[in-house]
Each structure stands twice: as C-alpha cells, then as structure tokens.
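The values are calculated or read from the model by the stated rules, or taken from the named source; none is laboratory data. Here the structure is a predicted model, which means the values were calculated and not measured. With ideal geometry, Cβ positions are generated from the backbone for all residues, glycine too; neighbour counts draw on all protein chains shown.
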Amino acid sequence: MPDQDFQDRLQRIAANSQAQSGSGTAREYGMDRVRKMNLGLFIAACIVMNIGTYTIIHTNKNYEAIRDASGIGTAVAIALAGLAATIVGIILAVRALPKKGSVVQPAAVRQPASGFARAVTSLIGLALGIGACLSLFMAGAARIVNPDTGNVFSGLALLTVLVLTFLAMLIGFVGLFLRGRSLLRVPLYYLAGVSLTYATFRLFRINLLDWPGFVALVQ
C-alpha cells in the first residue's frame, strides 16, 4: 500500500473516532437532562404570594378604617404593595419550576422583540396600570360623595382592578414561552403605570371631589 494512501486512511479513522467520542460525551452530559424544581425558591414564592394576597384582601375589608386613620393614599399604597408582592411571587414560582433541556443540538438563538412590539406591550401595560390605580381613586372619592352609591362604585372598581391585574399577569405569563418575550414588559409596565398614576395624584394634589362631572355621576 502506498504511503500516501496509508496516511489518508489513518486520518479518516482518527476523524471517525473523534466524532463518535464527541457524540457519546453529548449523550452522557446533555441529552434530555432535566433540572429539578427549586423547592426552596418555590416555597418562598408561595409565601410571598400569600402575603400579597392577604394584604389586598385585608385592605379591601378594612378600607374605610385605613382611609379614616391615614387617608386614601395609605390605603392605595398598601394595596399596591400587596399587588406587587403577588406578581413577584408568581414570577418566582415560574422560575422555580423544573425545566428540560438538551445540548445535543445547539440552542436556537432567541430573536429580540422588535421596537414596535416593545412599544405596544409597554403602552398596554401602562394603560392597564393607569386604569387600575385610577379605579381605586375613583372608588375612594365615590364613598365620600355618596356612601350608598360609593359602595356599589367601590365594588365595581375592585372588580376592575382584579380583572386588569389578572390580565397583565396572564399576558406576562404567556410571554415566558414566546420568542422575543416582549409580552413580559406588560406586568412590569403595569406596575409602572400604577406607580406613575399614584405619584401624579399625590404630587399635583389631584382631588376627584373637585371635578363636578364626577361628583354628579356618583350622586
């Protein structure tokens, strides 16, 4: 056998051996590897969610006492804190769940969300947050103008807040599984909208009782 043919054959054998070795290593260390659930993080998430839920329920049941003692702003701040704790707990719980992965095939590169998608999801989150916080302020003012009508108005406002909050969290949860993850901006900007609305009412001393149209509507 000529020396050149013998050298070529040795090189092919060596290349095949390296390919088989790499494939075996990938199967040994990466194929169908399952990450166990982070039990500690999941327990912490449940505790945070329970604290947030209890805070919201407690604020709703004792709204009048809190308002009379410390004002509407304190009641709103406590409710927002409970809402934020609930959202954080849900995010932590999702992160604690087990995930399955594989390194045999290279992971697909996640395409970043477009600027238009980011802008739309940000505006949706802001709109939901502004609507939720504004509903709370309107409920508080309605109780002062007319307690009877205010109780009905407060019930509707609370339902509105719960629906908007659930919608924001649902959109964010769906965003965990979609490419680009622009939907994750919705719950974040929801909190930003709530905070912005609350800060605007406090800084500019906006009082819905000074709005004749709103007072006439409640009466």
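Suppose the filter is farther than 20 Å from V163 by Cα, surrounded by 13 or more Cβ atoms within 10 Å (Cβ to Cβ), touching a residue at least 40 places away in the same chain (Cβ under 8 Å) and out of contact with any Cys (no Cβ under 9 Å at 6 or more places or on another chain); does A77 pass it? Explain how you work it out, then say what you get.
Details: farther than 20 Å from V163 by Cα: no; surrounded by 13 or more Cβ atoms within 10 Å (Cβ to Cβ): yes; touching a residue at least 40 places away in the same chain (Cβ under 8 Å): yes; out of contact with any Cys (no Cβ under 9 Å at 6 or more places or on another chain): yes.
So A77 fails the test.
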When the residues of segment 39-53 are filtered to those that are surrounded by 13 or more Cβ atoms within 10 Å (Cβ to Cβ) and among the small types (G, A, S), which remaining residue is farthest from L80 (Cα to Cα)? A44
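Please specify each residue of segment 104-124 satisfying the condition of being of a type in the set (S, T, N, Q) and either more than 22 Å from M169 (Cα to Cα) or modelled with pLDDT of 85 or more (or both). Steps first, please.
The initial filter retains those residues of segment 104-124 that are of a type in the set (S, T, N, Q), namely 105, 111, 114, 121-122.
Within segment 104-124, Q105, Q111, T121, S122 meet the criteria.
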Yes or no: segment 207-215 includes at least one residue that is within 23 Å of the chain's Cα centre (by Cα), more than 24 Å from H58 (Cβ to Cβ) and either surrounded by 19 or more Cβ atoms within 10 Å (Cβ to Cβ) or among the hydrophobic types (A, V, I, L, M, F, W, C) (or both). no
Within segment 50-85, tally of residues that are at pLDDT below 80 and either among the β-branched types (V, I, T) or not assigned by TED's automatic domain parsing to the domain that holds G40 (or both): 5
